[in-house]
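Here is the structure we will look at, set down as structure tokens.
Every read-out reported here was derived from the displayed coordinates using simple, explicitly stated rules and does not represent laboratory data. Quick caveat, the model's predicted, so the values are computed rather than measured. All Cβ positions, glycine included, derive from the backbone under ideal geometry; neighbour counts span all protein chains shown.
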Amino acid sequence: MKTCLVVDDSRVIRKVSRRILEDLGFEVAEASDGVEAMAWCSAVMPDAILLDWIMPGMDGMEFLKRLRAEPGGERPKVVFCSGETDIGRIRDALDAGADEYIMKPFDGAIVAGKLAYLGVAA
Amino acid sequence: MIAAIDRVFVAALCLARAGLRVDAEKGYLIESRLAPVARREGFSSPEEFIGRLRDGGGDDRLHWAIVEAIALPETEFYRDHAVFEALVHDVIPTLVRERAGAPVRVWSTACGMGQEIYSLAMLIADTPVLAGKVELFASDLSEKSLEKAQSGLYSQFEVQRGLPARTLVRHFEKEGESFALSPRIRQMIRWRRVNLMDDLGRFGQFDLVLCRNVLTQLTPEAQVRVVGQLKKTLAPGGRLALGLKEEAGGELTPLPGGLGLFALPQDAVRTAA
């Protein structure tokens, strides 16, 4: 079974994402900020990460840069999942090493489409 | 709930105008598609809208508004991604070689809101060896869809259907709440309203014709008519792209890969003449 880590400071978003990902057949882990997410990834690298941008503590961008510097940290497919819809900001996220980008609000079809495009269908 | 007599009227209208197969039993489908159009046209309900036409009122435009609302437009970029890969890496480069300098003419026959032809246009623009060698045409039954397609404006929701984020940042700019496709891509395409049930011979010949996921919406009789028409628009040696599970039949031979791609033999026109 493929694993997906959901990183978001909103419990509601984590819950919605979990339901979508479980319906797609993923095993889901949750983290509420970048620090918690790094702890998960040091223990076991997930196959995919849904990553919020703005979070207290370590934000999504900072987490992404640290993750990519870790041994094996290039492996997970990272999908930014943010309310930020400015083209320049999306480009920044992709340049920093994100594989895909989802603008909030999103639905199951969008998540499924992005993960399928990245070849991480469960 | 729309009365049976109104549902039958809608089904018959769609059949007569566009060969569409509409199940008159599916009241919910008819109601949900027609409700926004009825509102737009100033009727209080779909029933009142249909009633007016059934009583002999309403002009041609209102009749078409019903047909256009029932015909399902394509709403996803790069639908069946493998098809686009095959077109850009194999089919179109082969056609460019075969046409030896003449532009390869491509026609998206049921372009809906433009996602299919723009997907192809963006791939071609990003493939230097194809740039300037391909002419793109797009048509649809629906004037409304064509207007939207030509504007190149999509909602946040629409640009997340099938469009990779890297393609989004390369070819779109934010315009208010919408995302606007770059003029460079939009200018690659020539548009026209076309009903596939009409005589298509007058549009000249094309090297690649796309008609994906349309046949399954048509009656068997209309399917035969449309495939026959599409064949007439194909240049000798041309290729036809249908939906993944759609069949062309006749002298069109399927290309390997199971992607709904077919080839018309080089000598097909001579055989037919």
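Of all aspartates and glutamates in the structure, the ones whose alpha carbon falls short of 14 Å from that of A:Lys2, not counting any fewer than 8 places away in one chain, are A:Glu22, A:Asp23, A:Glu27, A:Asp47.
Three semi-axes describe the equivalent ellipsoid of the stretch B:81-272; taken as square roots of 5 times the Cα gyration tensor eigenvalues and ordered largest first, they are 27, 19, 15 Å. Across peptide B:159-170, the mean count of Cβ atoms from other chains lying within 10 Å of each residue's own Cβ comes to 6. For the stretch A:3-117, the normalised intensity computed at q = 0.19, 0.22, 0.23 Å⁻¹ comes to -0.94, -1.32, -1.47 (log10 of I(q)/I(0), Debye sum over alpha carbons, equal scatterers, no solvent). For the protein assembly as shown, the antiparallel share of DSSP beta bridges with both residues in that region comes to about 25%. Using θ = phi - 60° and the Karplus curve 6.51 cos²θ - 1.76 cosθ + 1.60, what whole-Hz ³J(HN,Hα) does each residue of the stretch A:3-11 get, with Gly and Pro shown as x? In residue order, the calculated couplings are 10, 10, 9, 9, 10, 7, 7, 8, 5 Hz. Give the lysines reachable from B:Lys231 as a straight Cα distance under 30 Å; neighbours fewer than 8 places away on the same chain don't count. Within the straight-line limit of under 30 Å, B:Lys231 reaches these lysines: B:Lys133, B:Lys144, B:Lys148, B:Lys245. A cut-off of 5 Å between modelled amide H atoms, ignoring neighbours fewer than 5 places along the same chain, links B:Leu234 with B:Phe206. Taking chymotrypsin sites (Phe, Trp or Tyr not before Pro) across the stretch B:115-218, the ones in a DSSP loop with at most 15 further Cβ atoms lying within 10 angstrom of their Cβ are B:Phe157.
Of the GluC sites (Glu not before Pro) in the stretch A:10-80, the ones in a loop by DSSP (not H, G, I, E or B) with at most 16 other beta carbons within 10 Å are A:Glu74.
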